[in-house]
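The values are calculated or read from the model by the stated rules, or taken from the named source; none is laboratory data. Everything numeric here is computed off the predicted structure, so don't read it as measured data. FYI the Cβ positions are ideal-geometry reconstructions off the backbone, even for glycines, and counts take in every protein chain you see.
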Amino acid sequence: MAELAVNGKSVEVNDEGFLINPADWDREVAEALAQASGISLTEKHWVVIDFCRRDYAENGEAPGVRRITKVGGVPTKDMYALFPGGPGKLAAKLSGLAKPTGCV
Amino acid sequence: MAETAEKLVQTLEPAALVKNEPIKKVSIVFSQGALTSAYAGLILANAARMSGIDACMFFTFFGLDVVNKKKLDNLMVPTVGNPSMGIPTFLGSLPGMSWFATKMMKKQIDKMDFPPVREMLETLDDAGAELYGCRMSADMMGLTKDDFIPQVRDIISAMDFYDKSAGASIIFI
């Protein structure tokens, strides 16, 4: 368990850097999480993050990469360009959600 | 004396306490053409890519069916000599059994929102996985690069495969 500093306040993250409490998330937290992962957020990143948050609100879990591409309409190639460290985990992490449980 | 002991502990401690190094690359060898074998490898490759792990896929012998344009849509579930099927061999060898088992399996796979083999291969290529056919097997079966899907980058030898697998964990299916 560790703390991530976000503009004066701090939020709790686990060993892998995932937000412990999804309710702590806001856009500033997302920026901080992105920075910690070496990513600078662009419009395209936000499209993915917004989809993940919406999907989580509807389904109770983070969407896997395939869902983001099929339902969210983000091309696979873009996913891998936007999140080079591994879109499976990163999209969820930056959206303040837990790792997706599926394999696609 | 105390100094040498301390130095010894210092050199040993990091090795003992170091966390396992994350995997950076996997090389997956597909040696079987069964639907179940194909998915095992494809899902492992996809999970690797989703985790930011490089993936190299090598298709050899019957594994070539998985990337063969004419065969990959019709990969089957083995029903004979398959101890996991739970049916006696004589039943498994009846006409239609393999077709039926395959149909059931594909239905289950679709329910889990897993894509068909062809789409999975396209996704993997888009995700940056590298696909290669085995030269020896292709020669044996009289196949050339044209017989394979465009996502197969090249037909290479086993030695080439090892070169491409430098630093990789090799998974054999």
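Against the definition (small (Gly, Ala, Ser) and either crowded, with 18+ Cβ neighbours inside 10 Å or over 26 Å from B:Ala40 (Cα atoms) (or both)), how does A:Ala81 come out, yes or no? So A:Ala81 fails the test.
Conditions (1) over 27 Å from B:Asp154 (Cβ atoms); (2) touching a helix residue (DSSP H, G or I) at 6+ places or on another chain (Cβ under 8 Å); (3) buried (at least 17 other Cβ atoms within 10 Å of the Cβ), marked per residue:
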position: B:Leu75; (1), (2), (3): no, yes, yes
position: B:Pro78; (1), (2), (3): yes, yes, yes
position: B:Gly81; (1), (2), (3): yes, yes, no
position: B:Phe90; (1), (2), (3): yes, no, no
position: B:Trp99; (1), (2), (3): yes, no, no
position: B:Asp110; (1), (2), (3): yes, no, no
position: B:Pro115; (1), (2), (3): no, yes, yes
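Taking the criterion of being in contact with a Phe, Trp or Tyr (Cβ under 9 Å, 6 or more places away or on another chain), touching a residue at least 40 places away in the same chain (Cβ under 8 Å) and either at the interface with chain B (Cβ under 7 Å from one of its Cβ atoms) or not in a loop (DSSP other than H, G, I, E, B) (or both), the residues of segment A:75-97 that qualify are A:Lys89, A:Leu90, A:Ala91, A:Ala92, A:Lys93, A:Leu94. Per this entry, A:Leu97 is not counted among residues that are in contact with a helix residue (DSSP H, G or I) (Cβ under 7 Å, 6 or more places away or on another chain), surrounded by fewer than 21 Cβ atoms within 10 Å (Cβ to Cβ) and within 18 Å of A:Leu41 (Cβ to Cβ).
For every residue, the table says whether it meets (1) farther than 16 Å from A:Lys99 by Cβ; (2) surrounded by fewer than 12 Cβ atoms within 10 Å (Cβ to Cβ).
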| site | (1), (2) |
| --- | --- |
| A:Asn7 | yes, yes |
| A:Ser10 | yes, no |
| A:Ile20 | no, no |
| A:Ala34 | yes, no |
| A:Ser37 | no, no |
| A:Ile49 | no, no |
| A:Arg53 | no, no |
| A:Thr69 | yes, no |
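Here the helices (runs of 4 or more DSSP H) wholly within segment B:1-92 that include at least 2 residues being of a type in the set (A, V, I, L, M, F, W, C), within 21 Å of B:Phe114 (Cβ to Cβ) and modelled with pLDDT of 95 or more are B:35-50.
Which residues, counting only those in segment B:119-166, are within 14 Å of chain A (Cβ to nearest Cβ) and surrounded by fewer than 18 Cβ atoms within 10 Å (Cβ to Cβ)?
Listed by number, the residues that qualify are B:Glu119, B:Glu122, B:Asp126, B:Gly128, B:Gln151.
Among the residues making up segment A:60-74, those that are assigned to a loop (DSSP other than H, G, I, E, B) and either without any contact (Cβ under 8 Å) to a residue 24 or more places away in the chain or more than 8 Å from chain B (Cβ to nearest Cβ) (or both) are A:Gly60, A:Glu61, A:Ala62, A:Pro63, A:Val71, A:Gly72, A:Gly73, A:Val74.
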